[in-house]
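The values are calculated or read from the model by the stated rules, or taken from the named source; none is laboratory data. Here the structure is a predicted model, which means the values were calculated and not measured. Reconstructed Cβ throughout: ideal geometry from the backbone, glycine too, with neighbour counts over all protein chains shown. Just the protein is used for accessible areas: all its heavy atoms, side chains included, with ligands, DNA and RNA removed. Shrake-Rupley method; radii C 1.70, N 1.55, O 1.52, S 1.80 Å.
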Amino acid sequence: MLFLFPELILCGLGLGATVAALFCRGRGAGRWALYGFFVCLAGVVTGLCLLAYAIDLGPEATGQLTPEFIARTFAVDPLSLFFSTLALAVCGLAMLFSMEFVEEVLEEHPAEFLALIAFASLGIACVARSRDLITLFFSLELVSISGYLLSGMLRREPRSLEAALKYFLIGAVSSAIMLFGMSLIYGLTGATDLRVLRDAVGEGHLHAVGQLAGVRMVSSQDPMVITGILCIVVGLGFKIAMVPFHMWCPDVYEGAPTPATAFLSVGPKAAGFVAIVRLLMLTFAPSSGPVPWAQPVLWLCALTMTLGNVVACRQTNLKRMLAYSSIAHSGYILIAVVSLGSADLALPAIVMYLIAYVLMNVGAFSVVIALSNIEGREDIHAYNGLSKRSPYLAYAWVIFAMSLAGVPPTAGFLGKLYVFMAALDDRVRLYWLAVVGVANAVISVWYYFRVARHMFFVEGVRTEPIRVGRGAGWAIGLSLAGTLVLVPLFPWLISFATSAAQVLGAW
Amino acid sequence: MDLLSQHAYLIAVLPVLAFGAVLLLGQKAPGRGAYLPIAALAIGTVWSIYLCARIHSGAALPQGRLLWGVGSTGFYISFLVDGGGAAMLTMVCSVALLIVIYSQGYMRGDAHYSRFFAYLSLFSASMLGFVLSSNLLLMFICWELVGLMSYLLIGFWFHKPEAARACKKAFMTTRLGDLGITLAVVALYHEAGTLDLRVIFEKVAAGGLDTPMAFWIAMGLFAGAVGKSAQFPLHVWLPDAMEGPTPVSALIHAATMVAAGVFLVWRTFPVFAATADYALMPYCAPFWVALIGGFTALFASTMAVVQDDIKRVLAYSTISQLGYMMLALGCSALFAGLFHLLTHAFFKACLFLGAGSVIIGTHHVQDMRKMGGLRVKMPVTFWTFVIATAALCGLGIPGVVGLSGFYSKDAVLAAAKVAEYPGEVAVVLYGFGQVGALLTAFYMTRCVMLTFMTSPRDAHVFEHASETPRCMTVPLVVLAAVALSGGWAGHALQGFVEDHPGYRIESAESWLAEHGQATAALEEAQARAEHQAHRFVELVSFGCILAGVGLGVALYRGGPERADALARKPVLALLHLVLVNKYYLDHAWAAFVRVVVRFEIALAFVDYWVVDGIVRGVGWSTLRVMRWSWAFDKWVVDKVVEAFAWAAGGLGEVLRQTQTGSVHVYMTVTAGVAVAGVLATILGSVWVFAGLFGVCVLGAAGWHAALVGRRTV
Amino acid sequence: MGFMLGDILESLGQPVGLRHCLVFAALLFAVGLYGVLTRRNAIGILMALELMLNAVNANLVAFWRYGPGPREALNGQVFAVFVITMAAAEAAVGLAIILALFRLRRTVNADEVNLLKG
Amino acid sequence: MGSVVFYFFAFAALACAVIVVTSRHIVRSVAALFVCMAAMAGIYFFLSAPFIGAMQLMIYAGGITVLLIFAVMLVRRAAGGQVEHASRNPGGAIVVVIGFVGWMAPAAWMAFGPRQMPPVEPRVAGVESLADDLIRHYVPAFEIASVLLLVAMIGAVVLTLRAKQREGPPTDDE
């Protein structure tokens, strides 16, 4: 149970906030958010200590320390512990940057907002843990349902509710499609345990179970297997906003309350990628023969990057622009996913990119939140002359924009570097994909720095200084520090991720 | 190895600390932010001179010392100090130091005074880091940082719309070149498995890089250098970058950042050399370097001829001089390229600071047409400017003595003369350089004439002009002294840049030796040929410079009007008479010339054809052609850069139409693509998939369109 | 398609096999999908969604029943229990969103909700 | 005999499903859904999964359908008895659905041979072993499901409960 500490913290946080919701309104909620942040902070610190302990113990011993009835569907290994801690960190950051929002904007149900964030983070952590199809699916569903509700929290705003409705309907459809695929996979193998599935599908031949089930064709090239896997790809593609399953993303990001958008842009996406790592890269990847999902995902990956970046150039609403930008970032990470031939490079690349992405996206959104708390709008002209009204916000944006665009020396640069390295590896040789990626990175500079131009070089109508709220200010500071400090820490992170990925590869 | 050499990387770290301190303390920092960067750079200057001395005495210095690294992945940060690097360090530190001192005067009273010094400090740090690194990762990081700081500094006066436009243009244009360098770095990592320069060069020397790949890597690196060093066709940003404060122009756009591209080519030259198959020119990377460099040298200098803004003249001149450096590198004359880089940094910084001094002295006048006669009002500025101009022109007495530019430019031209390219190519390259030198002399003379000599054209400006404060003139004098004497250190410099057992020269040389070009007899013959070429070049250059200066003096002695008239009415016959005989006359004379011309005095024909043919021909055609090429620049090259941005935007506009807002369309596309994807994957054809996807998207769009149509009806 | 017609007719007389269940589930899923894609009314879409989830459940239970070890592994049934739970949660959340939107906009038609686009 | 039971329930479920997605009256759709769910429960009983069948009846037929009816009634009253329940232009949907069925049905038919139902003892399929499995092997999933339901409850409360202090836009649906 020791290594389930982050999940326990998150669960307790959610329940606590639910109880707090009974007697807490307005101002008080900001205080609760702050408490929540400190709990998360303590949890992250403890989680990191546990992580060190777990690495020291090794995966087997760590597993043995966990009761069997949990270890059967929950992987208790260093990598999953790391992702749980990351979920805890995301939750903490979200508590921080939504502090002013719950205090001032959301006067009706402030604590429920915090509870939903905690439960969604719990879902992310559980996704990272799951090694059973059922558990994995329900963890993802927990993230999704909390997401639908978070985006509809402003229930007197038509746009917020519209976002919730769209998110819900499309999410439910893709969940149903994914479930259908899972049912096929279960039917062919008779198992839901991912390790059994890996042996059945991944080794290039179906298990004896499948033969017993009366399956005639036994290989990972079996059309039914491919159908099942691709249905799962659709569901996961929805979670990470892969083109063409991305269409909910800009609408939801624009309509949802800004702190919810900030959370949605990192939380469910991280969950989706962790699920992709577990399911696609580690389970449904035969060690011999072609990988059934690789070809479609390869094309969609190039499409995702390009569409995201190109359409982002035309956006004037910052939330919408960041939505397309996050679509593009999914594309970059997908490069590493399709380069799974070089697993020892691809897995750490995904881990690195996710960490960098969480930090820089939370930071960029916190800037948007800080301003929208005051101005109440997010279009690009609201940012005119920001460098005079609040140099802190403007300079922070420049750093986050650099990181998002992949300009050194930021975390985003190293993330991109590793992703492209994975694609260029000798075992993969996806040169064209790397070229597309680099060209996209160049395009992205344009729209990120367009905002910077408005901040620095365009005179604004309003000139009075902005007082950045406590929560948003701290969130920006923390992610700023992360974006920059992480760079010197990368050697350790990468060696950890590499060793963890090896453990996971053998898992 | 002593402590100071071991920790040479601190030279780059000190300005970072200064940056942080100034940023934190703001106006409360010592000297309102100026003193900390000055101290950091002064320490750096002394330190790097010490390193030079150590190298000169033959001591071994750190090579690829590890500071930070990721085990087996080849990503790490390490530094090295070799001869060329130490010389660069000295140059960057000292020029930056002088410019920071100078900025105290130039930026006086600016609202963001301390922020300016913080930026300058961080800029110097990243430039020093770039020079110090022995690893492409750190090099690339510093390279981008340098670009970013340039963006912030050009746009420092962001309330000027031109400045805001210019900094964006600079950033985007250089990013276009960085596309190449990114790909090259990635490809190099892929080919060599590391980003450590020494290991890469060892692999290259061992023939570990196949030629086509090496060619493309070299061209990628060169693309980055073309962007940063403002070579044709990416040079467009540099003249516009003059909207920034003048010390920024001096530091970034004359001495350091633009030289980073040249230094990159210099540093990675073994990769270029690996493709040096002079018989197969299209795949010979140095050939392209030489060609682009030589062409830029000529091209930019012709444009400088018609500029009226004093800083723009210098900007085009910088582009042209960077072209010379590239030309030298392309001709495998590594020392000549670096030598010219170093001397150029000093005299060009001096020129820019002089221009800045003029601008401050005349209360922000930049148009040379409104100046004239300033030598009286600003003697220190004038004399330093003249010395730097003479250095830039390469003035000197062949075989005896000369200013710094004399030595370095002649080294470049001699290298072009003896380059191993086939006959015609070598002649063309050399010709580019030589004609460029003539034009350089011409336009710089013009600049000096219009600014300092002649009689004042704008009485108001002239009367209010005054010499600038001490903190601005002292750096000018120091820089002028170096511009005057810097060339004399050439031999010593050559000694320690080339003789130092640095990996770079070694591997390039050993590569060349392996390919059989350097047997003893050949070497001797080559040395003799080089010596002769040097003599020849010196003499020709001397002639060219004299011709250029003479031409300039002849045309501009009376102010710009005559040249304007020449440009406007080129065919009129008797202009030459006026020019040759009466060039010291002013407006009245010009009017008289027009009268004379109108009556077509027959006597003039002799002089016209014999004496002034050159003046007329060269002067007119240069002016004319250069107006065209400037227009080409403005309308064609600029537009291509803009088109790149807008093409992406246009595609985005089309694609965003697919985001109709209808949840049904979204769900249909989701389900449709799922079905189509399954079918296509099972049928095993990507094209079926693409086709089905297209049908689905089109169907959904058409369906939506039909629906919208129905609803509106 | 001709290859199946005789087979199907013949099989109708046989005892029910796994494939009968699967074809039934596929058809039910298809009907649900059709409803989701065509219903204008958001409540209608929700109902069609329930049909899709039911089809999945039918699949799961059938696979369990005809699978190798209905004695040992109850995975399919467990999965089905969870799917039903999720369907209930999803229905509650979906209806809550729809009703909240109805209060604001006086409509439950999903295709009239398109403030956000582009 | 078994076949007849299966075909009866299957055809009933499919027919009702078609009514659910095509009917122009929303109440009729809900009623058809109710019958469809009941028929599905029959199929589960036929497949010797009585617990699933019972849950189907309780949760789907008894819970979700009732919830839907409440929602429909609310909306109908507020909208004056008329709720638009038409279908959109179904072109795209028909293409997608035909693509799905055209692949899925034959593939499933061919992939799984005429495998017969293996015998199973009633105790195994009963509630005890299922509960055993849930508690012994799927504890985490079980807990996640409980959190999921809690989240759904919170969500329903947040979105639909009226605030005491401030009134929203005037509605007459209560």
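Things worth noting here:
- Each residue in the range A:131-185 was checked for being among the polar types (S, T, N, Q), more than 12 Å from chain D (Cβ to nearest Cβ) and more than 23 Å from C:L116 (Cβ to Cβ), and 0 pass.
- Residue in the range C:58-71 that is in a helix (DSSP H, G or I), within 14 Å of chain B (Cβ to nearest Cβ) and touching a residue at least 40 places away in the same chain (Cβ under 8 Å) present: no
- Residue in the range B:130-148 that is within 20 Å of the chain's Cα centre (by Cα) and of a type in the set (S, T, Y) present: no
- Within the set A:D379, A:D425, the sole residue that is open to solvent by 10 Å² or more (accessible area, probe 1.4 Å) and within 12 Å of chain B (Cβ to nearest Cβ) turns out to be A:D425.
- When we screen C:D111, C:D7 for residues that are in a helix (DSSP H, G or I), at pLDDT below 90 and within 14 Å of chain B (Cβ to nearest Cβ), the only hit is C:D111.
- Pick from the range B:407-445, criterion open to solvent by 10 Å² or more (accessible area, probe 1.4 Å) and of a type in the set (F, W, Y), ranking: nearest to B:G552 (Cα to Cα): B:F432
- Subset tally (residues that are assigned to a loop (DSSP other than H, G, I, E, B) and open to solvent by less than 10 Å² (accessible area, probe 1.4 Å)) for the range A:128-152: 1
- Residue list for the range A:10-55, filter: within 14 Å of chain D (Cβ to nearest Cβ), open to solvent by 10 Å² or more (accessible area, probe 1.4 Å) and within 21 Å of the chain's Cα centre (by Cα): A:C11, A:L13
One line per residue, one yes/no per condition, for (1) open to solvent by less than 10 Å² (accessible area, probe 1.4 Å); (2) within 14 Å of chain A (Cβ to nearest Cβ); (3) not in a helix (DSSP H, G or I):
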position	(1), (2), (3)
B:K169	no, yes, no
B:T173	yes, yes, no
B:G177	yes, yes, no
B:T182	no, yes, no
B:Y189	no, yes, no
B:T194	no, yes, yes
B:F201	yes, no, no
B:W216	no, yes, no
B:A225	yes, no, no
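- Selection status of D:A54, under 18 Å from C:V78 (Cβ atoms), assigned to a helix (DSSP H, G or I) and more than 9 Å from chain C (Cβ to nearest Cβ): yes
- Residues of the range B:144-160 that are at the interface with chain A (Cβ under 8 Å from one of its Cβ atoms) and either of a type outside the set (G, A, S) or assigned to a loop (DSSP other than H, G, I, E, B) (or both): B:E144, B:L145, B:L148, B:F158, B:H159.
- Within the range B:203-213, restricting attention to residues that are part of a helix (DSSP H, G or I) and not aliphatic (A, V, I, L, M), the residue that is surrounded by the most Cβ atoms within 10 Å (Cβ to Cβ) is B:K203.
- Odd one out for A:F74 among (1) among the aromatic types (F, W, Y); (2) within 25 Å of A:L359 (Cβ to Cβ); (3) in contact (Cβ under 8 Å) with a residue 40 or more places away in the chain: (2)
Results for (1) of a type in the set (S, T, N, Q); (2) more than 14 Å from every other protein chain (Cβ to nearest Cβ); (3) open to solvent by 10 Å² or more (accessible area, probe 1.4 Å), shown as yes or no for each residue.
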{"site": "A:S339", "(1), (2), (3)": "yes, no, no"}
{"site": "A:M352", "(1), (2), (3)": "no, no, no"}
{"site": "A:V358", "(1), (2), (3)": "no, yes, no"}
{"site": "A:I374", "(1), (2), (3)": "no, yes, yes"}
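Yes/no matrix, rows are residues, columns are (1) surrounded by fewer than 20 Cβ atoms within 10 Å (Cβ to Cβ); (2) more than 13 Å from chain B (Cβ to nearest Cβ); (3) within 16 Å of A:V362 (Cβ to Cβ):
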| site | (1), (2), (3) |
| --- | --- |
| A:W446 | no, no, no |
| A:E464 | yes, yes, no |
| A:V468 | no, yes, yes |
| A:G471 | no, yes, yes |
| A:L480 | no, yes, yes |
| A:L489 | yes, no, no |
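- Residue identified as within 9 Å of chain C (Cβ to nearest Cβ) and open to solvent by less than 20 Å² (accessible area, probe 1.4 Å) among D:F70, D:F6: D:F6
- So A:P391, is it within 13 Å of chain B (Cβ to nearest Cβ), free of Cβ contacts under 8 Å to residues at least 40 places away in the same chain and either open to solvent by 10 Å² or more (accessible area, probe 1.4 Å) or more than 24 Å from A:V419 (Cβ to Cβ) (or both): yes
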